[in-house]
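The values are calculated or read from the model by the stated rules, or taken from the named source; none is laboratory data. Computed from a predicted model, the values in this text were never measured in an experiment. Note: ideal-geometry Cβ built from the backbone for every residue, glycine included; neighbour counts use all protein chains shown. Side chains are part of the model used for accessible areas, which takes the heavy atoms of the whole protein and leaves out ligands, DNA and RNA. Shrake-Rupley method; radii C 1.70, N 1.55, O 1.52, S 1.80 Å.
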Amino acid sequence: VLASLPLQMMLYFNVCYFPVWCLAEGMMLQLKYHLLPQHYQFLLVAAFLILSLAEGSRLYLGYVGNLQEK
């Protein structure tokens with residue numbers, strides 16, 4: 001198996017810290033949500049969801065791809 005150890009380590013730590021980032025970002029969004037205009041509220045929630053889904057899929061695909069040498 002020719003998996004990249006540095007890449008696997010970075011993915012592992014990123015998987016560990018991703019929920020912490022998600023929680024902190026969600027808390028900050030909740031704190032400032034009511035102070036913003038409605039269009040900014042929509043944009044912030046949309047950006048948060050898109051970034052969370054993209055990061056989760058990136059980590060999954062990187063983890064699986066590195067271990068399967070793809």
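How far apart, in nm, are the 7 Å Cα→Cβ label points at residue 9 and residue 38?
Here the answer is 5.1 nm between the modelled labels.
Carbon and sulfur: what percent of the stretch 5-68's accessible surface (1.4 Å probe)?
Taking all protein chains in place, the stretch 5-68 shows 77 percent carbon and sulfur surface.
As I understand it, the value is the acute angle between the Cα axis of helix 5-32 and the longest principal axis of the Cα atoms of the chain; what does it come to in degrees, rounded to 10?
Long axis of 5-32 versus the principal axis of the chain: about 10 degrees.
When the helix-only estimate is applied to the chain (DSSP H runs of n ≥ 4, each -39,500 (n - 2.57), divided by the residue count), what is the mean residue ellipticity at 222 nm, nearest 500 deg cm²/dmol?
The helix-only estimate for the chain comes to -30000 deg cm²/dmol at 222 nm.
Please give the helix 38-67 orientation as an angle from the longest Cα principal axis of the chain, in degrees from 0 to 90, rounded to the nearest 10.
Taking Cα atoms only, the helix is inclined about 10 degrees.
Taking only protein heavy atoms into account and a 1.4 Å probe, give the accessible area per residue of the stretch 5-68 in Å².
78
Only Cα pairs within less than 10 Å get springs; with that Gaussian network setup on the chain, which residue of 53, 43, 29 has the largest fluctuation?
Taking springs between Cα atoms under 10 Å, the residue moving most is 43.
Taking the chain, which GluC sites (Glu not before Pro) meet the DSSP loop condition and have no more than 16 other C-beta atoms within 10 Å?
Listed in order of number, the matching sites are 69.
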